[in-house]
1. How do Arg53, Arg72 line up, fewest other C-beta atoms within 10 Å first?
2. Tell me, what HN-Hα J-couplings in whole Hz come from the Karplus equation 6.51 cos²θ - 1.76 cosθ + 1.60 at θ = phi - 60° for each residue of segment 35-40, using x for Gly and Pro?
3. On a full-extension model of 0.36 nm per residue, what is the gain between Gln51 and Tyr9, subtracting their alpha-carbon distance, rounded to one decimal in nm?
4. Relative to the longest principal axis of the C-alpha atoms of the chain, give the angle of the C-alpha long axis of helix 68-82, reported between 0 and 90° and rounded to the nearest 10°.
5. What percent does the relative contact order of the chain come to when contacts are Cα pairs within less than 8 Å and at least six residues apart?
6. What is the set of long-range amide H partners of Phe88 at a cut-off below 5 Å, with H atoms built 1.01 Å from backbone N?
7. List nothing, just return the count: lysine pairs in the chain, 8 or more apart or interchain, with Cα separation under 20 Å.
8. If you rank Phe32, Phe75 by fewest surrounding Cβ atoms within 10 Å, what's the result?
Amino acid sequence: MPFAMDETYLLNMEVPAGFTVDEIPKSTKVLFNDTEGYFEYLVVSDGQNIQLRSHLKLNKANFKPEDYETLRDFFAFIVKKQNEQIVFKKKK
């Protein structure tokens, strides 16, 4: 990688009229090699609004070849987590 990463994505969303939140992803925080970085994924809903925050931070840009497998698994987890869906249910 050409540089260290520090990316944050925020989503504030109103629950559409006529719908309720049926399912949201679980919040999680995962460290990468203890101090080299982390991924934090927070989802909160109060029934009317949904707030999502995704934060990825890597403290260094260069990794040794023996770290590639761990780095690949770390990013695979991030992709899987970010693909989880928020499910709405139509009110009766």
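Bear in mind these aren't lab numbers, they're just calculated from the coordinates by the rules spelled out. As the structure is a prediction and not an experimental result, all values here were calculated from the model. When we count neighbours, we look across all protein chains shown, and the Cβ atoms used for this are built from the backbone with ideal geometry, even at glycine.
1. The fewest-first ordering by Cβ neighbours comes to Arg72, Arg53.
2. With the stated coefficients, segment 35-40 comes to 10, 8, x, 7, 10, 10 Hz.
3. 14.0 nm is the gain from fully extending Gln51 to Tyr9.
4. The two axes meet at around 10 degrees.
5. 39 percent
6. Distant-sequence amide H within range of Phe88: Asp22.
7. Going through the chain pair by pair, I get 10.
8. Phe75, Phe32
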